[in-house]
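Chemist: To start, I am sharing the structure in question, which I have written as structure tokens.
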Amino acid sequence: MFTSKALLAASRRPGLRRFVTGNPATRHVVDRFVAGETLADALAAVRALHADGIDVTLDHLGEDITDRAEAERTRDAYLTLLQGLAPLGLGRGAEVSVKLSAFGQALPEGGTDLALELVRPVVEAASAIGTTLTLDMEDHRTVDSTLAVLADLRKEHPDTGAVLQAALFRTEDDAKALAVTGSRVRLVKGAYDEPPTVAHQKKKDVDAAYARCLEILMAGPGYPMVGSHDPELIRLAHELAAQNSRAADSWEVQMLYGIRPDEQRRLAAAGTRVRAYVPYGIDWYAYFMRRLAERPANVRFFLRSLVTKS
Ligand SMILES: Cc1cc2nc3c(=O)[nH]c(=O)nc-3n(C[C@H](O)[C@H](O)[C@H](O)COP(=O)(O)OP(=O)(O)OC[C@H]3O[C@@H](n4cnc5c(N)ncnc54)[C@H](O)[C@@H]3O)c2cc1C
């Protein structure tokens, strides 16, 4: 059977990429996880979620670009996205998430500086329409660089958000450092295949680390964003929020577009602030493969779609 390690490794093979992206039957499965390829598709998803009381964070898909021109195109795509969001007047109800690798972070010379230079105007444009930006976290080699960019951005925009991955051994310390006033931190389990030298390998150890980090964030004065679909962790988040006398608007649950949508609506209707992470764009392959890797049932669903006409 498929392991998540095998799937994440396979996702880096160009032949498989060509097969998956070139296969019309794939579209049906991709639509479950991706809001569409255009800005208009993304804005339609934002309106539908808003009607159900669900906030959004939008991700213009793309990562691991190879030159400055591509990084500038990422910046421009986000500026266009923010222009598109402005007339909806949702303020913080619609924020954006970015991957710094799409802003040039991994380029060999001065990648961190380039990413900071290009992401700054996006943070400023978000702020100008009353919303914020969150820096997604990629594999463990990027954490120091991403937290350095965060620290710089937070000097003028202290509500710029960060993501911490419970799987990494370092994350409890990072959570302590970021549990400060005004700081928005999305805690996730971690979607990358990390070596045993830096990360927990067993699900039960990742879950226990998540619980410890959540305790730190919930007890601090910052704004925790509970990025998980795991029912046990969502329950724990509510328990910790109550224990720490947190107001309903002082933390939120975040889930991915298309995953447990009924639960997203149920939580929102019951008074929890819920935000869906809405990816859109043509470069959906890497994002899609990570979603398959998280759940064997998704792979079966995908393989069935390749052999049926639905
Ligand atoms: C809003 C948000 C933003 C994220 N940002 C990042 C990031 O910046 N960096 C990063 O490394 N990771 C990120 N992730 C991914 C995260 O690290 C996990 O890989 C992912 O959320 C699965 O973990 P889980 O907490 O949902 O728990 P799991 O134990 O994986 O899942 C719990 C339950 O959720 C459901 N579920 C989970 N995943 C799926 C799926 N793919 N398809 C269908 N059902 C599913 C199932 O019912 C499962 O039993 C993000 C996740 C969310 C929700």
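The values are calculated or read from the model by the stated rules, or taken from the named source; none is laboratory data. Computed from a prediction, not measured in an experiment: that's the story for all the values here. Heads up, the Cβs are rebuilt from the backbone with ideal geometry, glycines too, and the neighbour counts pull from every protein chain shown. What goes into the accessible areas is simple: the full protein's heavy atoms, side chains included, and nothing from ligands, DNA or RNA. Shrake-Rupley method; radii C 1.70, N 1.55, O 1.52, S 1.80 Å.
Chemist: Considering 279, 221, which residue is within 12 Å of the ligand (Cβ to nearest atom) and either touching a strand residue (DSSP E or B) at 6+ places or on another chain (Cβ under 7 Å) or in a loop (DSSP other than H, G, I, E, B) (or both)?
Modeler: Exactly one of 279, 221 is within 12 Å of the ligand (Cβ to nearest atom) and either touching a strand residue (DSSP E or B) at 6+ places or on another chain (Cβ under 7 Å) or in a loop (DSSP other than H, G, I, E, B) (or both), namely 279.
Chemist: Consider residue 295 against the criteria (1) open to solvent by 10 Å² or more (accessible area, probe 1.4 Å); (2) more than 10 Å from the ligand (Cβ to nearest atom); (3) under 19 Å from the mean Cα position of the chain (by Cα): it satisfies all of them except one. Which criterion is unmet?
Modeler: (2)
Chemist: Condition test on residue 254, is it polar (S, T, N, Q), touching a residue at least 12 places away in the same chain (Cβ under 8 Å) and surrounded by 19 or more Cβ atoms within 10 Å (Cβ to Cβ)?
Modeler: yes
Residue-wise test of (1) open to solvent by less than 50 Å² (accessible area, probe 1.4 Å); (2) basic (Lys, Arg); (3) within 11 Å of the ligand (Cβ to nearest atom); (4) closer than 30 Å to residue 73 by Cβ.
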site: 215; (1), (2), (3), (4): no, no, no, no
site: 283; (1), (2), (3), (4): no, no, no, yes
site: 290; (1), (2), (3), (4): yes, yes, yes, yes
site: 299; (1), (2), (3), (4): yes, no, yes, no
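Each row is one residue, and each column tells you yes or no for (1) surrounded by fewer than 21 Cβ atoms within 10 Å (Cβ to Cβ); (2) assigned by TED's automatic domain parsing to the domain that holds residue 105; (3) at pLDDT below 95.
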site: 25; (1), (2), (3): yes, no, yes
site: 51; (1), (2), (3): yes, yes, no
site: 57; (1), (2), (3): no, yes, no
site: 62; (1), (2), (3): no, yes, yes
site: 72; (1), (2), (3): yes, yes, no
site: 77; (1), (2), (3): yes, yes, no
site: 81; (1), (2), (3): no, yes, no
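Chemist: Something else now. Give the number of residues within segment 84-99 that are away from the ligand (no atom under 16 Å from the Cβ) and closer than 19 Å to residue 134 by Cβ.
Modeler: Total meeting the criteria: 6.
Chemist: Out of all the residues in segment 128-151, which are over 16 Å from residue 174 (Cα atoms) and open to solvent by 50 Å² or more (accessible area, probe 1.4 Å)?
Modeler: 128, 129
Chemist: Restricting attention to segment 147-160, does a residue exist that is under 16 Å from residue 192 (Cα atoms), aliphatic (A, V, I, L, M) and touching a residue at least 24 places away in the same chain (Cβ under 8 Å)?
Modeler: Within segment 147-160, none of the residues are under 16 Å from residue 192 (Cα atoms), aliphatic (A, V, I, L, M) and touching a residue at least 24 places away in the same chain (Cβ under 8 Å).
Chemist: Can you tell me which residues in segment 33-52 are away from the ligand (no atom under 16 Å from the Cβ), not in a helix (DSSP H, G or I) and not β-branched (Val, Ile, Thr)?
Modeler: 36, 37, 52, listed by residue number.
Chemist: Here is a further query. Can you tell me which residues in segment 152-178 are open to solvent by less than 20 Å² (accessible area, probe 1.4 Å) and not in a helix (DSSP H, G or I)?
Modeler: 160, 161, 162, 163, 164, 165, 166, 167, 168
Chemist: A follow-up question, please. Looking only at segment 28-37, decide whether some residue is modelled with pLDDT under 75, within 20 Å of the chain's Cα centre (by Cα) and either under 17 Å from residue 295 (Cα atoms) or open to solvent by 40 Å² or more (accessible area, probe 1.4 Å) (or both).
Modeler: Within segment 28-37, not a single residue is modelled with pLDDT under 75, within 20 Å of the chain's Cα centre (by Cα) and either under 17 Å from residue 295 (Cα atoms) or open to solvent by 40 Å² or more (accessible area, probe 1.4 Å) (or both).
Chemist: Also, I was wondering about something else. If residue 209 satisfies every condition in (1) open to solvent by 20 Å² or more (accessible area, probe 1.4 Å); (2) closer than 23 Å to residue 139 by Cα; (3) out of contact with any strand residue (DSSP E or B) (no Cβ under 8 Å at 6 or more places or on another chain); (4) at pLDDT 95 or above but one, which is the exception?
Modeler: Unmet for residue 209, out of (1) open to solvent by 20 Å² or more (accessible area, probe 1.4 Å); (2) closer than 23 Å to residue 139 by Cα; (3) out of contact with any strand residue (DSSP E or B) (no Cβ under 8 Å at 6 or more places or on another chain); (4) at pLDDT 95 or above: (1).
Chemist: Only residues in segment 229-250 that are at pLDDT below 95 count as the first member; pair them with residues that are away from the ligand (no atom under 16 Å from the Cβ), Cβ under 7 angstrom, at least 6 apart or cross-chain, and list the lot.
Modeler: none
Chemist: Return the only residue of 192, 210 being assigned by TED's automatic domain parsing to the domain that holds residue 277, at negative phi and not in a helix (DSSP H, G or I).
Modeler: 192
Chemist: Quick check: anything in segment 146-154 over 16 Å from residue 98 (Cα atoms), over 15 Å from the mean Cα position of the chain (by Cα) and either among the basic types (Lys, Arg) or near the ligand (Cβ under 9 Å from one of its atoms) (or both)?
Modeler: No, that holds for no residue.
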